[in-house]
Amino acid sequence: MKTMIIVNNGLEECEALVTYDLLYRAGIETDLVGFTNEIVSSHNVTFKAHKLLDEINPKEYDCLILPGGMPGTKNLENDERVQKLIDDFVAKGKYIAAICAAPSILIHKGLLNDRKFICFPGFEGDLTPEKEKAVKDGNFITGKGLGAAFEFSYLIIKTLLNEEKAKEVLNKIQY
């Protein structure tokens with residue numbers, strides 16, 4: 001299994017990096033795929049992407065992960081390459097995981113209609129979110145926000161590998 005986390009300016013860095021860290025600990029190959037090489041988060045934290053969005057082969061990936069944050073979520077939603085990736089992953093039945101404000105991108109595309117999901121309060125539009133911190137429905141995994149990053153990552157690991165590995169990772173970090 002191979003995942004990509006799309007990283008761009010204005011994102012919530014912890015939603016991206018905590019998820020990356022836990023997937024890494026689970027042994028899931030994960031790339032931080034950036035709009036640019038250097039990313040500046042919504043909290044002015046600077047870090048580097050592993051690869052550029054224009055240089056990847058989407059066919060190599062099994063799961064697309066979208067972190068939230070503002071204006072990062074709007075930057076993701078307004079990018080044609082990200083929209084194409086989402087459409088491609090949906091068409092191929094691949095997994096898409098989004099946390100915090102990022103599920104709103106999927107909501108605006110109508111992808112979460114009639115599905116269970118969660119997002120940061122205020123980004124649900126006309127839909128009714130669940131109460132859990134993280135939810136999986138079909139090929140979509142959603143998380144409420146930074147405080148749910150562990151549950152969100154747990155669901156990704158459980159989905160891509162198995163529940164035993166997901167529990168093992170959380171136990172090792174004393175969660």
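Quick note: the coordinates plus some simple rules give every number you see, no bench work behind them. Keep in mind that what you see is a predicted model, and the values were worked out from it rather than measured. A quick note on method: Cβ atoms are made from the backbone with ideal geometry, for glycine too, and the neighbour counts reach across all protein chains shown.
Looking only at strands (runs of 3 or more DSSP E) that lie completely in the stretch 1-65, which have at least 2 residues being within 21 Å of LYS84 (Cα to Cα)?
Numbers: elements: 2-7, 29-34, 38-40, 46-48.
Passing ranges, in order: 2-7, 29-34.
Quick check, is ASP21 within 16 Å of the chain's Cα centre (by Cα) and more than 23 Å from LYS133 (Cβ to Cβ)? If you could, list the steps in order and put the result at the bottom.
Working: within 16 Å of the chain's Cα centre (by Cα): yes; more than 23 Å from LYS133 (Cβ to Cβ): no.
The answer is no for ASP21.
On the stretch given as the stretch 129-169, residues that are closer than 17 Å to LYS2 by Cα, among the aliphatic types (A, V, I, L, M) and under 16 Å from the mean Cα position of the chain (by Cα) total 5. Annotation note: Cβ proximity below 8 Å between a residue of the stretch 80-94 that is in a helix (DSSP H, G or I) and a residue that is among the acidic types (Asp, Glu) (sequence gap 6+ or interchain) occurs for ARG81/ASP54; GLN83/GLU77. Of the residues making up the stretch 1-42, those that are more than 22 Å from ILE173 (Cα to Cα), crowded, with 21+ Cβ neighbours inside 10 Å and of a type in the set (Val, Ile, Thr) are ILE6, VAL7, VAL33, ILE39. The number of residues in the stretch 95-117 that are crowded, with 17+ Cβ neighbours inside 10 Å and outside any helix (DSSP H, G or I) comes to 12. When ALA102, ALA148, ALA134 are checked against the criterion of being of a type outside the set (Phe, Trp, Tyr), touching a Phe, Trp or Tyr at 6+ places or on another chain (Cβ under 6 Å) and closer than 22 Å to LEU22 by Cβ, a single residue qualifies: ALA134. Just one of (1) in a helix (DSSP H, G or I); (2) surrounded by fewer than 18 Cβ atoms within 10 Å (Cβ to Cβ); (3) not acidic (Asp, Glu) fails for SER153. It is (2).
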